[in-house]
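What follows is one structure encoded as structure tokens, with my remarks underneath.
Each reported figure results from applying straightforward, stated rules to the coordinates on display, with no laboratory input. Keep in mind that this is a model prediction, so the values were computed, not measured. Don't worry about glycine lacking a Cβ; one is built from the backbone with ideal geometry, like all the others, and counts go over all protein chains shown.
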Amino acid sequence: MNRRPTFLITMLCFGFAFFYIPILSMMVYSFNASRLATVWGGFSTKWYVSLFSNRQVGEALWLSLRIALLSATCATILGTMAGIVLARFRRFKGRVVFSGLVTAPLIMPEVITGISSLMGFILMAQWIGWPASRGFTTVTLAHITFSMVFVTTIVQSRMLQADRAIEEAAMDLGSRPWQVMFDVTLPVISPAILSGWLLAFTISLDDVVITSFTTGPGSTTLPLLIWSKVKLGVTPDINALATLTVLIVGICVAIAGVMMNRAEKRRERDAQLAYRANE
């Protein structure tokens, strides 16, 4: 009887070790004084100093953040609307086609999505003269198209689990549909919306394949810059950059988790108070 839990725990530990030990080793070697990434030459922070003074990295990081923030916000707005429609309106003309178009990027390889986005921008430039060149705008549009499907899936799943009796009770008390949407529905699904935004932001921030097809000269994002450097060999400054990325993402995820946990506890407390008041 004890063999199965032991085996599961062993495999779990092996999985965590396989994933996290390379990350920890990368963080340790980011403080390496040697120019060789895999040869320890003593403790030093010179690669962090070199990284902060690298203008190319700074410009690529700022471009990636702007694209990720804009694409995640737009994808969250569009994905939330699509998720609500698919969850609340079960039957309408063209629902199958609409659902297929929304979820298509989820099952397509990124290479196909990147090539199709590139061909779309080329045809648009030939027909209407826009976009004149590929860069910030084209990458953002491609990221919105790709990441919106993840927001839609998360919001739709949360909407299907939400209790419609609360919305019906609000409408029975005289609330208009738009008031129910903003006062009841959106607060209930807000954790899913925040989760979708974080996922869309992460996907956009570390995308390489789609970005490589839709970007142009002078619009190098941080993942593309790292990829171009890694092809020539991993250097300690790349380890330093990756370490900072891991720390920043970890802090942001921790803050988001705390905020979502507090919001969920507040919602449960308000529901309990409302239930006691009606008794």
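Tabulated data for the structure shown
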{"read-out": "Cut-off 19 Å (backbone N to label point 7 Å along Cα→Cβ of Leu65), residues of the stretch 128-150", "value": "136-137, 140"}
{"read-out": "Karplus 3J(HN,Hα) series, Hz, for the stretch 192-201 with 6.51 cos²θ - 1.76 cosθ + 1.60 (x for Gly, Pro)", "value": "5, 5, 5, 4, x, 5, 4, 5, 5, 5"}
{"read-out": "The stretch 1-152 shape via C-alpha gyration tensor axes, a/c threshold 1.5", "value": "oblate"}
{"read-out": "Cα→Cβ-extended label distance, 7 Å offset, between Val246 and Phe92, nm", "value": "4.6"}
{"read-out": "Residue-by-residue Karplus 3J(HN,Hα) for the stretch 43-50, coefficients 6.51, -1.76, 1.60, Hz, glycine and proline x", "value": "7, 7, 10, 5, 6, 5, 5, 5"}
{"read-out": "Of Glu264, Glu168, Glu59, the one that fluctuates the most in a GNM where the chain has Cα springs shorter than 10 Å", "value": "Glu168"}
{"read-out": "Derived scalar couplings ³J(HN,Hα) [the stretch 5-21; Karplus, 6.51 cos²θ - 1.76 cosθ + 1.60; whole Hz; x for Gly, Pro]", "value": "x, 5, 5, 5, 5, 5, 5, 5, 5, 5, x, 4, 5, 5, 8, 9, 4"}
{"read-out": "Partner lysines for Lys229 [C-alpha distance under 24 Å; skip if fewer than 8 residues away on the same chain]", "value": "Lys46"}
{"read-out": "Label-to-label distance, nm, for residues given as Met119 and Met181 (7 Å Cα→Cβ offset)", "value": "3.5"}
{"read-out": "Sequence-separation-based contact order of the chain, relative, with Cα cut under 8 Å and 6+ spacing, percent", "value": "30"}
{"read-out": "Burial ranking of peptide ranges 104-111, 214-221, 28-35, 227-234 (average Cβ count within 10 Å, highest at the top)", "value": "214-221, 28-35, 104-111, 227-234"}
{"read-out": "Helix 55-88 axis, angle to the chain major axis (alpha carbon atoms, nearest 10°)", "value": "20"}
